[in-house]
């Protein structure tokens, strides 16, 4: 069942207010209070909605409060049963150091339709919808994925662009890509926005890959779904605590490769509001006593994928 289209503006308001709440912390080297401000704002705005919401992707277990935690109930408690995935401040370091790419992010779906992702790493792959589905796979060697993308797009391999986090764990991948003379877009943080680079030709990214946060993978997948792009992920459970947590969440096959339709089911609304300027959206700006914000919003049910600009009066 499609989500009520009237919810879209309300969810845009949630991330917009959270982004605005961070504005005063940009460049202040205070990522903790920036994250807290975004979290408090997001909780407050969601609790105004006529929904029976539960956080399935958040900041951890109940004892991690006051951050938005997995299992937290949000909304009025009346209305549609909703799964909620949140990252009130994606890119805390970006805000603290006044760097590009900080976002406030949320995704919602009907109960049971968002994968309850553990707080562990995920090996990910996201690919443009211009590439045939079977041309790439998380289990293929990198060389095969790149060659298949180049062949399907009728491009030289040297003109294929790969986006991935610039981390020591990816050095072998980076070395292989360098050897293939592939273009790379190396990002320091923010793998939600990194994965979303495949959704539009204007970003000039053909594939996003590598290991990042599992919850961020589910958030990105919920937007990618609306663009009909490909996403695959495999959680990485490398210690006893992660394995125990996964089993408590009902994950039986710890090596399972998840396709997008196993992570996201049914209709979704995804919103990502810019805090600092980035590739996806502009950051919060002040003009004539008003906050100007940009939000990337997707709604699968109405095929909506657009940037929404809002103006909010500064409260004094």
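Here is how the numbers come out for the structure above:
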quantity: Matching entry among 134, 151, 175, 156 (being under 24 Å from residue 226 (Cα atoms) and in the same structural domain as residue 228 (by TED's automatic domain parsing)); calculated: 134
quantity: Every residue from region 82-109 that is surrounded by fewer than 23 Cβ atoms within 10 Å (Cβ to Cβ) and either modelled with pLDDT under 95 or in a loop (DSSP other than H, G, I, E, B) (or both); calculated: 92, 93, 97, 98, 99, 100
quantity: Residue within region 179-190 that is assigned to a helix (DSSP H, G or I) and under 29 Å from residue 69 (Cα atoms) present; calculated: no
quantity: All positions within region 132-162 that are more than 21 Å from residue 195 (Cβ to Cβ) and part of a loop (DSSP other than H, G, I, E, B); calculated: 154, 156
quantity: Residues of region 24-55 satisfying the condition of being over 21 Å from residue 71 (Cβ atoms) and touching a strand residue (DSSP E or B) at 6+ places or on another chain (Cβ under 7 Å); calculated: 34
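The values are calculated or read from the model by the stated rules, or taken from the named source; none is laboratory data. Since we're looking at a predicted model, the values are computed, not measured. A quick note on method: Cβ atoms are made from the backbone with ideal geometry, for glycine too, and the neighbour counts reach across all protein chains shown.
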